[in-house]
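The values are calculated or read from the model by the stated rules, or taken from the named source; none is laboratory data. Here the structure is a predicted model, which is why all the values come from computation and not from measurement. Note that each Cβ is placed from the backbone with ideal geometry, even for glycine, and that neighbours are counted across all protein chains shown. Side chains included, ligands, DNA and RNA excluded: accessible areas come from the protein's heavy atoms. Shrake-Rupley method; radii C 1.70, N 1.55, O 1.52, S 1.80 Å.
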Amino acid sequence: MIPRFKPYLGTEELFVALRRQEHAVEHFEEAFAHTFETRYAIAFRYARSGLWAFFKALGIEGAEVIMPAYTCVVVAHAIVLSGNVPRFVDVTLYAYNMELDQVAAAINGRTRAIIATHLFGYPLNVDRLAEIVHAAEARWGHRIWIIQDCAQAFGARWRGRLVCSAGDAAIFSLHISKLMTSMFGGMVTTSDPGLAKEVRAFRDEVFVQPDLLKRFRRFLYLPKVYLRYNEQVYGLVDWLKEETRLLDRLTKQYHLGTQIRFPPDYLDQMIELEARIGLAQLRKYPEIVRRQRDNARHYDQHLVDTPELTLPPLVEGATYSFYAVRVADRQALLQASRHQGVHLGQFSYYCVPSTPAYAQYTIAQEFPHAQLCGSSVVTLPVYAHLTERQRARVVELLLWTCSEGPK
Ligand SMILES: *Cc1c(COP(=O)(O)O)cnc(C)c1O
């Protein structure tokens, strides 16, 4: 079965996993900052931990933080769990990022930060956002932090400039579903030395080094990932998941839409092993982006005449973490493709403020675009390991289901 994503792991990562290297986390942070043209990078267990730490370190509390209504729910969790309130803004149906006019309208005297997400790797207009924020700062007389959510936007550029270095800070996720990975992991980057110092000091004080047993478990996670994303094993696991309930406990942990909480290990530090894998991935990063873009271009060319699918825009500087299309009947397409051995994704099957946990944070607002995305977006596999044959199969399958498949 063709998985919906697959980390680009090879023998290098296995090799480095077995080799000791002093100060790997520091090396990874430095190399990461260098690659993404910023001065500092601070490693965490998850991107959400880094975002939470950012607010805590700066003492931002009881404030409103603006974020998109269609994104990963854990961003909202980080806002609430740090003692703040999310203020949701609808997204555009063009590139699925925040509607900037609505951002301008949502800023008020309590706004202290804006999470600018670059979803699926499409760059948000960071110049316009900066203008809006500067005007608002002048009006309200206090600082409003811009945090770029680059969890899906490694290397994305707006007018030639990396979006991650356009604001005060950026967060990156290194989860296995992202463009590059350190198994689990996240980074906060910034070019502001004062900010870097505070976030790092907070992390070193509050976050803990996992004990030997935990580190061993995390080591074992690596072979599991290699196995899990093997196409044969993937098909079997998918079958077990869909047809039986045996794996529920393992697979339902990542997105818990009903409760605002973090996983129990969110205060763990990144371990050396993960940093070594991250370093190996960083070396492959240009190749990963090139391959993902190439796969996206292939879909652009071959699916353009399919009126049943709304294709994503052709945006210069996008890095295609996912290739997101919209369809009228998502469930039918997901089902049909699964039967044909292709696992399509849906990224996020909700509009965050429409989930029960976040209903209390919306004041008579509506999010028609985010809602539409939550029910109609399908992501096609663009991962760097995808072969030309697999890619052709995905296209064939989509053309078939759209023309004569189950209606
Ligand atoms: C994955 C993701 C996150 C969260 O990353 P974690 O490392 O899982 O905390 C945040 N924002 C977006 C847009 C994501 O896709």
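Below are the figures for this structure:
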{"quantity": "Of all residues making up the stretch 180-216, the number that are within 16 Å of the ligand (Cβ to nearest atom) and either among the aromatic types (Phe, Trp, Tyr) or open to solvent by less than 10 Å² (accessible area, probe 1.4 Å) (or both)", "calculated": "12"}
{"quantity": "For ALA106: the one exception among (1) open to solvent by 40 Å² or more (accessible area, probe 1.4 Å); (2) closer than 25 Å to GLN371 by Cα", "calculated": "(1)"}
{"quantity": "Top-ranked residue in the stretch 96-121 [being part of a loop (DSSP other than H, G, I, E, B) and in contact with a Ser or Thr (Cβ under 7 Å, 6 or more places away or on another chain); ranked as nearest to THR319 (Cα to Cα)]", "calculated": "ASN97"}
{"quantity": "Residue among LEU93, LEU124 that is within 12 Å of the ligand (Cβ to nearest atom), under 30 Å from LEU309 (Cα atoms) and outside any strand (DSSP E or B)", "calculated": "LEU124"}
{"quantity": "Set ILE79, ILE2, ILE42: member being within 23 Å of TYR383 (Cα to Cα), at pLDDT 95 or above and hydrophobic (A, V, I, L, M, F, W, C)", "calculated": "ILE2"}
{"quantity": "Test: residue in the stretch 58-68 that is touching an Asp or Glu at 6+ places or on another chain (Cβ under 7 Å), away from the ligand (no atom under 12 Å from the Cβ) and either of a type in the set (Phe, Trp, Tyr) or under 19 Å from MET270 (Cβ atoms) (or both)", "calculated": "no"}
{"quantity": "2 or more residues of a type in the set (A, V, I, L, M): qualifying helices (runs of 4 or more DSSP H) within the stretch 216-333", "calculated": "231-243, 272-303"}
{"quantity": "VAL75 in contact (Cβ under 8 Å) with a residue 40 or more places away in the chain, farther than 27 Å from ARG161 by Cα and part of a helix (DSSP H, G or I)", "calculated": "no"}
{"quantity": "Residues of the stretch 131-162 satisfying the condition of being of a type in the set (Lys, Arg), within 28 Å of SER49 (Cβ to Cβ) and free of Cβ contacts under 8 Å to residues at least 60 places away in the same chain", "calculated": "ARG143, ARG161"}
{"quantity": "Condition met for THR379 (assigned to a strand (DSSP E or B), open to solvent by less than 40 Å² (accessible area, probe 1.4 Å) and out of contact with any Pro (no Cβ under 9 Å at 6 or more places or on another chain))", "calculated": "yes"}
{"quantity": "Hey, ARG4 open to solvent by 20 Å² or more (accessible area, probe 1.4 Å), outside any helix (DSSP H, G or I), over 27 Å from ALA136 (Cα atoms) and assigned by TED's automatic domain parsing to the domain that holds GLN152 or not", "calculated": "no"}
{"quantity": "Candidates ARG19, ARG45, ARG39, filtered to the one that is in the same structural domain as THR117 (by TED's automatic domain parsing), within 16 Å of the ligand (Cβ to nearest atom) and either open to solvent by 70 Å² or more (accessible area, probe 1.4 Å) or of a type in the set (Lys, Arg) (or both)", "calculated": "ARG45"}
{"quantity": "Qualifying residue in the stretch 165-172 (condition: in contact with a Gly (Cβ under 8 Å, 6 or more places away or on another chain) and either within 13 Å of the ligand (Cβ to nearest atom) or not in a loop (DSSP other than H, G, I, E, B) (or both))", "calculated": "yes"}
